[in-house]
Amino acid sequence: MKNLKEEQKALAGKIKDNKKDIKERQRNGDYAGHQQYNLLKQKKEYRHKHLAYCMMRGRTYEEIENKCREDNKPNMDIVKEIMDEYSKSDVCVNA
C-alpha cells in the first residue's frame, strides 16, 4: 500500500503542474486542448487510486464519497483491479 500512496503523491504533483501549464498556455493565447485531455485522464486515475487505497484501509465507498451524482459514479471494476494489483504485492508468501 505504501507504493500506491507514493504513486498518488506523484500523480497529484503532475496534476498540479499540468494545471499551471494549462493556465499559462491559455493566458498566452495558445491551444491547451491536449493538456486538458491529459489532465482529465490523470484526475480520473487519481480518483480511482484514491478509492482503492481508502477501501484497502477498511473504509466503505459511502464513507469516501458520500455525495456523488448518478452520472459521475466511479468505475468499480478499475478500483477492484487496482486493489488486486496492490494487495498481491503486500502478501508475504512465507507466512
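Rule-based calculations on the coordinates, nothing more; no lab input. Note that the structure is a prediction, hence the values are computed from the model and not measured. FYI the Cβ positions are ideal-geometry reconstructions off the backbone, even for glycines, and counts take in every protein chain you see.
Results, tabulated for the structure shown:
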read-out	value
From phi via Karplus (6.51, -1.76, 1.60), per-residue ³J(HN,Hα) for region 69-75 in Hz, x at Gly/Pro	4, 4, 8, 10, 6, x, 7
Listed residue (ASN28, HIS48, ASN18) projecting farthest to the positive dipole end of region 4-58, Cβ model	HIS48
Highest average packing first - 42-50, 16-24, 58-66, 74-82, Cβ atoms within 10 Å	42-50, 74-82, 16-24, 58-66
Per-residue ³J(HN,Hα) for region 53-62, Karplus 6.51 cos²θ - 1.76 cosθ + 1.60, θ = phi - 60°, Hz, x for Gly and Pro	4, 5, 5, 5, 8, x, 8, 8, 4, 5
Per-residue [θ]222 nm for the chain (sum of -39500 (n - 2.57) over DSSP H runs n ≥ 4, rounded to 500)	-24000 deg cm²/dmol
³J(HN,Hα) computed for each position of region 44-49 - Karplus, 6.51 cos²θ - 1.76 cosθ + 1.60, integer Hz, glycine/proline x	5, 4, 4, 4, 5, 5
15 Å cut-off, amide nitrogen to a point 7 angstrom out along LEU40 Cα→Cβ, residues in region 64-80	72-73
Cross-link partners of LYS19 among aspartates and glutamates (Cα-Cα below 15 Å; sequence separation of 8 or more within a chain)	ASP30
Sequence-separation-based contact order of region 25-95, relative, with Cα cut under 8 Å and 6+ spacing, percent	30 percent
